[in-house]
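Some notes on the structure that comes next.
Nothing in this text is a laboratory measurement; each read-out follows from the coordinates by a stated rule. Because the structure is predicted, anything quoted here is derived from the model rather than measured. Methodologically, a virtual Cβ is constructed for each residue, glycine included, from the backbone with ideal geometry; neighbour enumeration extends over all protein chains shown.
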Amino acid sequence: MSRAQFAVEPTEYDAVVLFGFGGPEGQGDVIPYLRNVTRGRGIPDERLEEVAHHYRHFDGVSPINEQNRELRAALEAELRARGSELPVLWGNRNWDPYLPDVLGAAAKSGHRRVLVLPTSAFASYSGCKQYQENIDAALAQLGHTITADKVRPYFDHPGFLDPWITATRHAIDELCASAPGLDPQRDVRVLFTTHSVPSSYSGEFGPDIDALAGRGAYEAQHLAASADIAEAACPGVTWDLVYQSRSGPPSQPWLEPDINDAIEELPAAGVKAVVIVPVGFVSDHMEVLWDLDTEALDTCERLGLAAVRVPTPGVDPTYVRGLIDLVFERRDGVPVADRKSRTALGPWFDVCGEGCCDTPERMAQVRAREAHAAAALPTEAHS
């Protein structure tokens, strides 16, 4: 079994590929987009339409594509400011421009080795491993006429953490300025929120290393990043890690508490104000605009809690510089000891080991395919 590892040899790249999730850009895109997201799960359009109302509310447009256009431009500007002529391409998992098309066009234009920069900071199946699978599938589809590596998860890189610290400190100051006498340590609760995942998956995320202390990498990384942000933004403030945007059948346990359930309990604990920090997201896309700005803030208002939602990094110059730091780190094969990270878990690995961040269902499918392939081999192949 291959182990997680670091890439510490310099590598020459001829392009950077910003790799996003994708989103609809009009009412007619919504259901086709949701079909892409849920492909293979057998979910009928009637059920998808129940989810589609989030997008319908915003005229069928997710902001994520425009945000990635802005991020692509910012990344190119930062590269030019540092004297690099590397072009920045952009592809998506679930909507146009699709990654295979982008890589195919890159190969036709002469690119041979690219570095992929996913818009996800944490290790999980959908946030890390699936992006690698998407890359591998695209390369195979193109007959391996182009090669691609992927930037490591950057949950504890200063370029990711520092914009959160600045924005969280500003949010706490804003609340205190609007309510004289509000004590941050006594009256304010900071809620770090991220996308929930099935509980049965979470323990499988990440390699088997002592630093995780028995937790899956997804939960451990979020706790570590949140602790760093909270302590730097407002020492002594009380904070919690909560979850949002769960889906699937109610009978399937997901990571908890849900952010709205957590908010419901705050008044009884004497909390008067809430700072919501969507640490699991890098831009203000639909899960932020709907699940937080609509649902969570409505819950706070109903309970009489003052509340501020902290902006995501987006195209914050510190975040953009950090992403380019990561590009150069991989390009130059920076030694592990010299890499930027701010928690005991980092820096994270460049190359995932076999089975890292897999879901139990997917591993069962892989084992079944391997068993089927082995059964079809000549007898001597088993010797």
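Some observations on this one:
- Computed extension gain for Arg47 through Asp14, at 0.36 nm per residue and net of the alpha carbon distance, reaches 7.6 nm.
- Computed about its Cα centre, the charge dipole of the chain is approximately 760 debye, with only Lys, Arg, Asp and Glu carrying charge at their Cβ.
- The angle separating the long axis of helix 64-81 from the principal Cα axis of greatest extent in the chain is about 80 degrees.
- Inter-label distance, Asp338 to Glu66: 4.2 nm, where each label sits 7 Å from its Cα along the C-beta direction.
- Working ranking of peptides 86-99, 24-37 by packing, defined as the average number of other Cβ atoms within 10 Å per residue, highest first, is 86-99, 24-37.
- Contact order normalised by residue count of the chain, Cα under 8 Å, 6+ apart, percent: 25
- Residue (of Thr194, Val116, Gly143) at the positive-pole extreme of the chain, dipole from beta-carbon charges: Gly143
- At full extension, His57 and Lys108 could sit 14.4 nm farther apart than now, given 0.36 nm per residue minus the alpha carbon distance.
- Sum of side-chain charges, Asp156 neighbourhood, beta-carbon under 12 Å (Lys, Arg +1; Asp, Glu -1): +2
- Sequence-ordered 3J(HN,Hα) estimates for the stretch 232-239 from the Karplus curve with 6.51, -1.76 and 1.60 and θ = phi - 60° stand at 6, 6, 7, x, x, 5, 7, 9 Hz, glycine and proline given as x.
- Sequence-ordered 3J(HN,Hα) estimates for the stretch 180-194 from the Karplus curve with 6.51, -1.76 and 1.60 and θ = phi - 60° stand at x, x, 5, 9, x, 6, 9, 10, 10, 10, 9, 10, 7, 10, 8 Hz, glycine and proline given as x.
- Order by protection proxy (mean Cβ within 10 Å, highest first), peptides 121-131, 336-346, 10-20: 121-131, 10-20, 336-346
- Computed FRET value (nearest 0.05) for Thr238 with Thr294, which takes r as the C-beta separation and R₀ as 22 Å: 0.30
- Here Lys150 is the anchor, and the lysines within straight C-alpha reach of less than 24 Å, apart from those fewer than 8 places off in the same chain, are Lys108, Lys129, Lys340.
- Gain in span if fully extended, Gln252 to Glu264, counting 0.36 nm per residue against the direct Cα distance: 2.1 nm
- The stretch 1-79 and the stretch 281-346: distance between their alpha carbon centers, rounded to Å: 16
- Integer Hz, Karplus 6.51/-1.76/1.60 couplings in order for the stretch 251-263, x for Gly and Pro: 6, 8, x, 10, 4, 10, x, 5, 4, 5, 5, 5, 5
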